[in-house]
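Structure first, then comments.
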Amino acid sequence: MEMRAVEDIEDIGEDLTHQIPPIAFSLSDSFLHSHCSSCFHPLNNPNKFPPLHPNNSNPIDPNSIPSIFYCSQICSSLDSYTHFFSGEFHLFSIIQSQPNILSNTTTTTDIRTALRLLFFFENFGFLSSNGRICGLLSNIEKFENEDDDDEEDEILGRIKDGGRLMAMARRMRDGGVSGVYELKEDNLVEEIVLGQVLMNSVEVQGDEECYLGNAIYGPNFSWINHSCSPNACYRFLLSGSELVKEYDDSKLRIEAAGDETVLKTWVCDESKFNNGICGYGPRMVVRSTKPIKKGEEVCITYTDLLQPTAIRRSELWSKYCFYCCCLRCSSSPPTYIDNLLQESASVHLKESNTYSKEACEELTDRMDDIISEYLLVGNPKSCCVKLENILKGFQEEQLKEEPSSLQNLKLHPLHHLSINAYIVLASAYKIHANNLSALHSEIDNHISEVFELSKTSAAYYILLAGVTHHLFLSESSLIPVAAHFWINAGESLLNLVRSLPPKTAGLNSSSKISDKCRSKCMLMDRLGYDLGSDLSRSKSRRFEFIDITSSFLACVSNIMPTVWHFLIDTHHHCYFKYIKDPMDFSLLGIISSPKLIESQTLLGNTDSSCVHRRCIIFEDTGGGVDKQRSNIAQLGIHCLLYGEFLASICYSSDCYLNKYVRNLLFDNRWI
Ligand SMILES: C[S@@+](CC[C@H](N)C(=O)[O-])C[C@H]1O[C@@H](n2cnc3c(N)ncnc32)[C@H](O)[C@@H]1O
């Protein structure tokens, strides 16, 4: 099955669906005691509400079994019934009496979602056709039919164990004893439903952009297939001004296509299904990231698009059991972005300019080990040293011990392993700086060390944003990733300005910083817009995108190399010296750089001359730290505003990220 556009979607950033309610969802294990299991909001500790026992409406004693909590009486009364009658309550009770039962299943999140989904099916009726229940496919059959492979065996093992646990919980709910685990072979329904969760559920992102739990939606969302160059993305609505009460399918701009039998069984019951059991929980809206023609398939991504083809394919295979043949994956020669991300574009200093598969695997293993050790031991300093050694490449003194495949090897700055390293390094340097400043807040030489560490963290955030921007110019579906990285970069730069010695300039003077640019810069113009108001858009987002991107590039292109130089000047790290400007990788001479998104459908046939320089506004405002301060603040403000603009395209103007940016800018009086 697949979903197609019912009309031309001419613009980017258009909602393609109404707010789709989930049919089942559950909070992740790690948030059970800190967030509400009904609306996913953080709990206000003195006022957390346990579930109500459905038979007598009394609160279930939260000390009797490890349980779930709600933020209000309303949330508790909405969800307690499902919590109890799905068997979720009994699952907790079984785990409490037999903790080892979870041996092969590390978390209960998928199992609890599956119990709730199965409970929904019990209430709604098991509409099944062509191997589906209520239209949704399960991956169990696919995994069972595949030839033996360790990874698939592991997934199948998890499904079997999870299915048994679900069956035990449901037997207990139905009056059976919790007792010792009974081996039964007839857990097929539970296994199929758990397989449906693994195949169709999505991770719910909360306001702070962290993974809060998972949710499964009806076919309007679950029938959307994957592409590595998708034309749509999605966002979650947990609450807020955008949330509407009623199910409104008049806003649906996509329709199902595929197997007629499945369509007939399913489509007639959809509104009942959507108004059904789950009138609460995280809603989801699908949004265009490229113009889409009537009848064209609408696709989202199921995987990280900054990975090279082989890794994307392997991840999709192991989780969803399909081999991706989308245009990006099957392009020959590989697309510009894949050429950069994968081995063939890596720099090998000796004879060949390609990485061997062996060398890449070796480096991947080493990086995985370094990151696992960091997550386990929490030593950011050691992690930074080790990762930077990999980025710097294997030099003469190290070579004797190294396998020949690594000799004279240096990672290309846009290689996917480099990008993964920047992500970890940016955050590890920041944590290292925070730890140090918390320990020795008043010692002068530590203040300067903290400042140097913060500079390096900001440099990695900028590099990450610059690299992603370069890739985004040829693959516009990277827009959500680019939005996040520009916002991270902007925030790290403004934090840096705040930590510059206060005697040189008071914070108040920075309020004038934006004025220098205000008269000409389109990003600054956007500051006057109300978030959430589409009236602010005078023209199509595609054309607004061209203008704002040009304005952004014009505003930052002069200042970027200066700030970059300041960020890396005292850094002994020779890797940085290869990068003169983190926005310009054309000098690397590896592959010519793409034209501004022209290669993508995003801009259609727009004349590239519109990518002009609108305002070059950075003057030398004096010397020394004040000048740097002004430059860094200008760049930081522009990065934040550009990230905010990209986020408004892919997530809507009212999204959490945009509120976050505005708080950073207004509450801290940068603007
Ligand atoms: C969430 S479902 C999408 C809807 C699905 N096509 C259906 O008929 O129900 C995910 C499954 O769809 C299939 N699928 C999604 N995207 C695909 C793609 N690009 N190529 C091949 N199969 C894909 C895979 O079987 C995957 O496990």
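The values are calculated or read from the model by the stated rules, or taken from the named source; none is laboratory data. Note that the structure is predicted; figures quoted are calculated from it, not measured. Don't worry about glycine lacking a Cβ; one is built from the backbone with ideal geometry, like all the others, and counts go over all protein chains shown.
Some observations on this one:
- Taking residues in region 114-133 that are within 14 Å of the ligand (Cβ to nearest atom), and partners anywhere that are modelled with pLDDT under 85 and among the small types (Gly, Ala, Ser), not one pair has Cβ atoms closer than 7 Å while being at least 6 places apart or on different chains.
- Looking only at region 310-321, and only at residues there that are free of Cβ contacts under 8 Å to residues at least 40 places away in the same chain and within 11 Å of the ligand (Cβ to nearest atom), the one that is farthest from residue 227 (Cα to Cα): 317
- Within region 249-270, restricting attention to residues that are charged (D, E, K, R), at pLDDT 65 or above and within 27 Å of residue 280 (Cβ to Cβ), the residue that is nearest to the ligand (Cβ to nearest atom) is 255.
- Test: residue in region 379-392 that is in a helix (DSSP H, G or I), modelled with pLDDT under 85 and among the acidic types (Asp, Glu): no
- Complete set of residues in region 287-309 that are under 22 Å from the mean Cα position of the chain (by Cα), within 16 Å of the ligand (Cβ to nearest atom) and not in a loop (DSSP other than H, G, I, E, B): 299, 300, 309
- Residue ID - modelled with the lowest pLDDT, chosen from residues in region 22-69 that are out of contact with any Ser or Thr (no Cβ under 9 Å at 6 or more places or on another chain), in a loop (DSSP other than H, G, I, E, B) and farther than 24 Å from residue 211 by Cα: 62
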